[in-house]
Each structure stands twice: as C-alpha cells, then as structure tokens.
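Step one of this worksheet: look at the structure below.
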Amino acid sequence: MHGVRRELLVRQAEALGLPLVEVVIPPACVIEIYEARMAEAFAVAPLSGIEAVAFGDLFLEDVRAYREERLAAAGKRGLFPLWGRDTAGLAREFLDAGFEARLVCIDPHVLDPSFAGRRYDERLLAELPPSVDPCGENGEFHTFVHVGPIFAAPIACKRGEVVERDGFVFCDLLLR
C-alpha cells in the first residue's frame with residue numbers, strides 16, 4: 001500500500017535493529033491469498049516464535065477487529081499501544097521527538113496529489129484540510145519514516161517520480 005522500495009525497507013529495519021520478514025503477495029491481491037500468505041508466515045520461524053504483534057492503529061474498530069481475528073487464528077495476540085490517542089497531539093509528539101517522514105501514498109479523493117512526497121512536518125499539518133486526519137488514520141495518506149531517535153542512523157532518501165496508480169498517488173523515494 002505504501003509503494004516503498006524494498007531497499008528502503010531493508011535500510012529501515014537495519015536502522016531499527018529489527019529483522020525484516022517479507023511476506024510476498026501479488027499485485028491486486030485478493031483477501032484469500034493475503035490471509036493464506038500471512039498464516040503461512042506466522043506458522044514458520046522466525047514469526048512462529050512470537051506471541052504478539054504491535055500495530056499503530058488509533059481508532060478504526062473494524063481494522064482492529066480484523067487484525068485480532070487473524071492473529072487469534074495464528075495463535076497470536078495484537079498490541080495497540082496508540083489506541084484511542086488524540087491524533088493531533090500524537091502528530092505533534094511524533095515531530096517533537098525528532099522523527100522525520102515523507103508522504104509516499106496519497107488518496108487523491110481526499111487530499112490533493114501535490115502532498116505526495118512532502119515532508120511530514122508542522123507546515124504540512126497546518127495545510128491539511130480539516131477533513132483529513134493528521135495521522136492519516138482513515139487512509140488519506142501513508143508515510144515512510146526515515147529519521148528518528150530509535151534509528152541507529154538516518155536513512156538518506158530523496159524524492160523520485162510521482163505517479164498515479166490504482167486510484168492512488170505515489171511518490172517514489174530513492175536512496176541518496
């Protein structure tokens with residue numbers, strides 16, 4: 001959904017000191033294949049050994065219920081440490097902590113395509129339409145975080161091409 005290059009995901013995992021487990025799904029994946037691939041991934045190492053999975057969901061009850069149902073089927077439980085938090089406050093807290101991100105995917109039905117590739121910063125938050133959640137919790141946008149206090153080193157990236165695909169606008173991020 002984010003449209004982020006694998007090499008950036010690898011760098012992000014390395015900067016966080018976390019193992020990266022890729023679950024490959026085809027483009028325009030149907031839910032049955034998605035669920036089967038996730039179940040397969042949870043059934044083998046290293047994911048078979050985990051007990052819980054953390055999510056950044058904030059208030060979408062249906063998304064949380066779906067995640068909990070799928071995790072329970074795999075014998076896992078979900079953790080939702082941000083659940084119910086005020087998104088405007090959380091956005092400011094994110095920036096105040098020293099994180100940096102870029103908008104990599106935009107839903108053009110709710111947010112102008114010119115937001116694709118922009119830095120997630122105070123200026124962006126001030127310019128978001130009132131109908132857009134400051135954390136993009138309703139799918140208005142998705143980000144790629146490349147700097148922060150929990151990163152061993154920043155991930156140097158730059159804006160690439162902006163394209164419209166499958167009803168969304170994507171900004172390709174490239175390693176510098």
In the list Gly148, Gly167, Gly136, Gly117, which residue meets the criterion of being touching a Cys at 6+ places or on another chain (Cβ under 6 Å) and either surrounded by 13 or more Cβ atoms within 10 Å (Cβ to Cβ) or farther than 22 Å from Val10 by Cβ (or both)?
Gly117
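Restricting the search to segment 151-164, which residues are of a type in the set (A, V, I, L, M), in a strand (DSSP E or B) and either open to solvent by less than 50 Å² (accessible area, probe 1.4 Å) or farther than 22 Å from Gln12 by Cβ (or both)?
Initially, segment 151-164 is screened for residues of a type in the set (A, V, I, L, M), giving 152-153, 155-156, 162-163.
Filter once more, so that each one left must be in a strand (DSSP E or B): 162-163.
Across segment 151-164, the qualifying residue is only Val163.
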Met38 vs. criteria of a type outside the set (D, E, K, R) and in contact with a His (Cβ under 9 Å, 6 or more places away or on another chain)
no
Are any of the residues in segment 60-77 under 15 Å from the mean Cα position of the chain (by Cα), on the phi > 0 side of the Ramachandran plot and assigned to a loop (DSSP other than H, G, I, E, B)?
no
(1) assigned to a loop (DSSP other than H, G, I, E, B); (2) within 18 Å of the chain's Cα centre (by Cα); (3) not acidic (Asp, Glu) all hold for Phe94 apart from (1)
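Considering segment 140-158 alone, what residues qualify as being of a type in the set (D, E, K, R) and more than 23 Å from Pro129 (Cα to Cα)?
Taking segment 140-158 as the starting set, the residues that turn out to be of a type in the set (D, E, K, R) are 140, 158.
If the condition is that a residue be of a type in the set (D, E, K, R) and more than 23 Å from Pro129 (Cα to Cα), then Lys158 is the only one that fits.
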Pairs with Cβ under 9 Å, 6+ apart, first in segment 73-97 and more than 30 Å from Val44 (Cα to Cα) and open to solvent by less than 30 Å² (accessible area, probe 1.4 Å), second of a type in the set (Lys, Arg) and modelled with pLDDT of 95 or more:
none
Of the conditions (1) free of Cβ contacts under 8 Å to residues at least 12 places away in the same chain; (2) out of contact with any strand residue (DSSP E or B) (no Cβ under 6 Å at 6 or more places or on another chain); (3) aliphatic (A, V, I, L, M), Leu124 satisfies every one except a single condition; which number is it?
(1)
Which of the residues belonging to segment 23-37 are out of contact with any helix residue (DSSP H, G or I) (no Cβ under 8 Å at 6 or more places or on another chain) and in contact (Cβ under 8 Å) with a residue 24 or more places away in the chain?
Ala28
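So, of the residues in segment 29-65 that are touching a strand residue (DSSP E or B) at 6+ places or on another chain (Cβ under 8 Å) and open to solvent by 50 Å² or more (accessible area, probe 1.4 Å), which turns out to be nearest to Ala91 (Cα to Cα)? Write out each step before concluding.
Of the residues in segment 29-65, the ones touching a strand residue (DSSP E or B) at 6+ places or on another chain (Cβ under 8 Å) are 51-55, 64.
Those still in the list that are open to solvent by 50 Å² or more (accessible area, probe 1.4 Å) too: 51, 54, 64.
Numbers: Glu51: 29, Ala54: 19, Arg64: 20 Å.
The residue in question is Ala54.
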Between Leu20, Leu16, Leu9, which is open to solvent by 60 Å² or more (accessible area, probe 1.4 Å), within 22 Å of Arg102 (Cβ to Cβ) and at pLDDT 95 or above?
Leu9
Of the numbered conditions (1) over 23 Å from Phe80 (Cα atoms); (2) in contact with a Ser or Thr (Cβ under 7 Å, 6 or more places away or on another chain), Leu58 satisfies every one except a single condition; which is it?
(1)
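The values are calculated or read from the model by the stated rules, or taken from the named source; none is laboratory data. Please read all numbers here as calculations on a predicted model, not as lab measurements. Positions of Cβ are backbone-derived with ideal geometry, glycine not excepted, and every protein chain shown enters the neighbour counts. When the accessible area is computed, the model is the full protein with side chains, heavy atoms only, and any ligands, DNA or RNA have been set aside. Shrake-Rupley method; radii C 1.70, N 1.55, O 1.52, S 1.80 Å.
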